[in-house]
There are 2 protein chains.
Amino acid sequence: MTNFTGEVRIVGAGLLGTSIGLALTKQGIDVAIASKSPKSVDIAISYGAGRAVREDDSPKLIVVCVPPQLTAQIVAEELIAFPDAIVTDVASVKAGILEELERLAAPTDRYVGSHPMAGRERGGAIAGRADLFVGRPWVITPNSKSSPAGIKVVAELAQALEASVITVSPKDHDRAVALVSHVPQLVSSLLAARLVDANQADVNLAGQGLRDTTRIAASDPELWVQILEANSAEVKRVLESLELDLGNVIDALANVDSEAGIAQLRKALRDGNAGVEKIPGKHGTKHSTYAQIIVMIDDQPGELARLLTEVGEIGINLEELKLEHSPSAQIGLVELYVVPSAESALIADLQERGWRIA
Amino acid sequence: MTNFTGEVRIVGAGLLGTSIGLALTKQGIDVAIASKSPKSVDIAISYGAGRAVREDDSPKLIVVCVPPQLTAQIVAEELIAFPDAIVTDVASVKAGILEELERLAAPTDRYVGSHPMAGRERGGAIAGRADLFVGRPWVITPNSKSSPAGIKVVAELAQALEASVITVSPKDHDRAVALVSHVPQLVSSLLAARLVDANQADVNLAGQGLRDTTRIAASDPELWVQILEANSAEVKRVLESLELDLGNVIDALANVDSEAGIAQLRKALRDGNAGVEKIPGKHGTKHSTYAQIIVMIDDQPGELARLLTEVGEIGINLEELKLEHSPSAQIGLVELYVVPSAESALIADLQERGWRIA
């Protein structure tokens, strides 16, 4: 499964550090876990994420898994303490860390930044799991001095964790995540914040659209303050464009009696269509790529299983599945997504078996 | 199932008109379908949504299911053509329609507005289905002159369609949907529009957060232009508050070196948390109310069914379920949501049966 060999040192025993340790230890790799929090180290070690550090440790690779604000300082310390090791980190913003390392005159030839795009709603060693990175993107951000050997070792780490490696520069990384992650976070938070002073009766009319657009507004503010601080320039740039567009839409709403106002609204909605079309992947393309079949089932144990058993018997692979409960009735709406060529046969077979297809 | 009796006339044979006709016809109610499009009427009738209109029709209730822009005019015509009938409509904005009816001096004592909060990504008679309204909110918006008998008939219609009736004034309705539906739509469109001019390589780093926040940006621009036009004042009011908050966040991003800037960012994120907490329902509360268990399954037919069969055998009801495919590996991640008291037993049972729990 992996070409990775040699000793690994993990600094920081939170969700990411513990998860990396669990996955590597499972593969027989020697992992030492260091942290300023002895309690987190205890939990991580008792979970099987590695062993305590020793005087004679000689890591080939060091993975710094501390909060974004502390990352550059700890990376610099590790580069000095272990002059033969490659050092990577897992912070979600990259250019500022590199700048700080350069300012500290750290030997950046042995530093290769990482951003594993995986997480959980819960943090801490206790939430760690060996499978956290499986199939997720792992962005590697070499700097201009990074040694080829160092880049190779970090890529091997990501591969050992079964992640998908993407390599970009720190600046390109930060520009991209501002757009696809940091701005969506802030926009979702701003949208949800509009509910705070609203009548509860108004909010009670919420449908799935509001739920989807505000889901990530439930994220941890303290972590996000650090991320936004570290990528403030790129995030600000995107938000300023958004602010212009928002101003145009507000103007258009004040001018819905004019053709220009209507045209402006139409443009905003069409541009939104065009933007969604650019998002890749199974989820991003489901509206156009997969056929949706809605099946109504009783809201009780075993019903969904019975449905999916029969879908399995019919021999059709589900590309996606979503279960929605009716807010009031004892009914579940199961959305099955299949390749379009399978749609009509599946509907016919399910109806023949007595399922209620919407 | 229903107290509803008497003849129903449906004007407009699109998704909503056809779906209402299908559901009522199933219950043995006499439904006449009128539309300016003979082709749509043909489809709706051949689907079983009702019959063609007759000279001697004498409807007790008329449901106007035409595009928002045409609704007031058609409602007024129907009120005059059928002086004994109650008339409702299904447009997603209500106050403007009432104003126009008053301007036309229509007999609004026999008019009671409706907004069934149900839809599909596809429109037209062909997409109609009898179950469209089951368990969904159906907002009834009586005006000051609406007769109690008229309100009762429209509520009985919604109940006959197995929808959940919510009664509010037209103005309250429009204020609420501006907040929970129309503004989220525009914000999602504006966010997705930022992707249009971006590098495809940047967009390729998109994760689930971007997908969730931009899902509804794929909606039909022509329908939404009409909705936004009809509710422009309320939508504008919410967007202006959002614009202020956005301006504050942009200022904060320019001042991340100051404590005030950081405090402002933290406030925006915390307000987002507080807003999400106000959203009711299973989906809105899943982060706090339900325990999440992630199971990894092979991405092949029958695996999910086998898992859910075993969950059914264990006897635990799923509150929600989500299937995610890894973008690269042949692995599916199944998120099971259960009541917290069931979590540890389910994990133990599933592990005993050999499932990989994350």
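Nothing in this text is a laboratory measurement; each read-out follows from the coordinates by a stated rule. What you are looking at is a predicted structure, and each value in this text was computed from that prediction instead of being measured. Reconstructed Cβ throughout: ideal geometry from the backbone, glycine too, with neighbour counts over all protein chains shown.
How high is the relative contact order of chain B? Use alpha-carbon pairs under 8 Å, at least six apart in sequence, and give a whole percent. 12 percent. Helix A:148-160 and the long axis of chain A differ in direction by around 50°, with both axes built from C-alpha atoms.
Taking the C-alpha atoms only, the angle from helix B:221-230 to the longest principal axis of chain B is near 70 degrees. Relative contact order of the stretch A:174-279, taken over Cα pairs closer than 8 Å and 6 or more residues apart, is 28 percent.
Listed by chain and number, the lysines whose alpha-carbon sits under 17 Å from that of A:Lys145, ignoring those within fewer than 8 places in the same chain, are A:Lys94, A:Lys171. Assuming charge only on the beta carbon of Lys and Arg (+1) and of Asp and Glu (-1), the dipole of the protein assembly as shown about its Cα centre is about 140 debye to the nearest 20. As a proxy for reagent exposure, ranking A:Ser114, A:Ser241 by other Cβ atoms within 10 Å from fewest up yields A:Ser241, A:Ser114.
The phi torsions of the stretch A:201-210, fed into the Karplus equation with coefficients 6.51, -1.76 and 1.60 and a -60° offset, translate into couplings of 4, 5, 5, 5, 7, 4, x, 5, x, 5 Hz, rounded to whole numbers, with Gly and Pro shown as x.
Arranged from fewest to most other beta-carbon atoms within 10 Å of their beta carbon, A:Thr25, B:Thr88 become A:Thr25, B:Thr88. Of the residues B:Ser241, B:Ala176, B:Asn199, the one whose Cα sits farthest towards the positive end of the charge dipole of the stretch B:174-277 is B:Ala176 (charges of +1 on Lys and Arg Cβ, -1 on Asp and Glu Cβ, taken about the Cα centre). Summarising the amide proton neighbourhood of A:Ser35: residues at separation of 5 or more, or on other chains, whose placed amide H is nearer than 5 Å comprise A:Gly12. Applying the Karplus relation 6.51 cos²θ - 1.76 cosθ + 1.60 with θ = phi - 60° to the stretch B:172-185 yields 3J(HN,Hα) values of 5, 4, 5, 5, 5, 6, 4, 6, 9, 10, 6, 5, x, 4 Hz, where x marks Gly and Pro. Summing charges over all other residues whose Cβ lies under 13 Å from the Cβ of B:Arg175, with Lys and Arg as +1 and Asp and Glu as -1, gives 0. In nm, one decimal, shortest first: how far is the label point of B:Ala233 (7 Å from Cα along Cα to beta carbon) from the matching points in the other copies? Ordered by distance, the counterparts are at 4.6 nm. Counting Lys and Arg as +1 and Asp and Glu as -1 over every other residue whose Cβ lies under 10 Å from the Cβ of B:Gly312, the net charge comes to -2. Summing charges over neighbours of A:Ala23, with a neighbour being any other residue whose Cβ is under 14 Å away from its Cβ, gives 0 when K and R count +1 and D and E count -1. In nanometers and ordered shortest first, the copy-to-copy spacing of the B:Lys145 label point, defined 7 Å from Cα toward Cβ, is 8.1. How would the stretch B:174-277 be classified by its alpha-carbon gyration tensor: rounded, prolate or oblate, with rounded meaning a/c under 1.5 and the a/b versus b/c comparison settling the rest? The shape class here is oblate. Taking amide H as placed 1.01 Å from N in the peptide plane, B:Arg353 has no amide H partner under 5 Å among residues 5 or more places away or on another chain. In terms of other Cβ atoms within 10 Å, B:Arg353, B:Arg194, B:Arg54 run from fewest to most in the order B:Arg54, B:Arg353, B:Arg194. The mean sequence distance of close C-alpha pairs (under 8 Å, at least 6 residues apart), as a share of the length of the stretch B:8-168, puts its relative contact order at 24 percent. In terms of its C-alpha gyration tensor, chain A has an oblate overall shape, because the principal axis ratio a/c (a ≥ b ≥ c, square roots of the eigenvalues) is not below 1.5 and a/b does not outweigh b/c.
Which shape class, rounded, prolate or oblate, goes with the stretch B:51-133 when its Cα gyration tensor gives a ≥ b ≥ c as root eigenvalues, a/c under 1.5 marks rounded, and past that a/b bigger than b/c marks prolate? Cα axes put the stretch B:51-133 in the oblate bin.
Charges were assigned to the Cβ only: +1 to each Lys and Arg, -1 to each Asp and Glu. The resulting dipole of the stretch B:114-214 about its Cα centre is roughly 260 debye. Label-point spacing for A:Glu335 across the identical copies (point 7 Å from Cα in the Cβ direction), in nm and ascending order: 1.3. For peptide A:252-262, the mean count of partner chain Cβ atoms within 10 Å of a residue's Cβ comes to 4. The long axis of helix B:15-26 is offset from the longest Cα principal axis of chain B by roughly 70 degrees. Taking the Cα centre of the stretch A:1-153 as origin and assigning +1 to Lys and Arg Cβ atoms and -1 to Asp and Glu Cβ atoms, the resulting dipole is close to 460 debye. Dividing the summed -39500 (n - 2.57) terms of all DSSP H runs of n ≥ 4 by the residue count of chain A sets its mean residue ellipticity at 222 nm at -14500 deg cm²/dmol. Our coupling estimate for the stretch A:90-98, obtained by passing each phi through the Karplus curve with A = 6.51, B = -1.76, C = 1.60 and θ = phi - 60°, is 10, 5, 8, 10, 10, 5, x, 5, 4 Hz, Gly and Pro reported as x.
Legend: mean number of C-beta atoms from other chains within 10 angstrom of residue C-beta atoms, peptide A:160-169, equals 2. Proximity of backbone amide H atoms, modeled 1.01 Å from N, is registered between A:Asn143 and A:Gly113 at under 5 Å, excluding neighbours fewer than 5 places apart on the same chain. Other protein chain C-beta atoms within 10 Å of residue C-beta, averaged over A:134-144: 3. Each of A:Leu24, A:Ile347, A:Ser219 was scored by the projection of its Cα onto the charge dipole of chain A, and the greatest displacement toward the positive side belongs to A:Leu24; charges sit on the C-beta of Lys, Arg, Asp and Glu.
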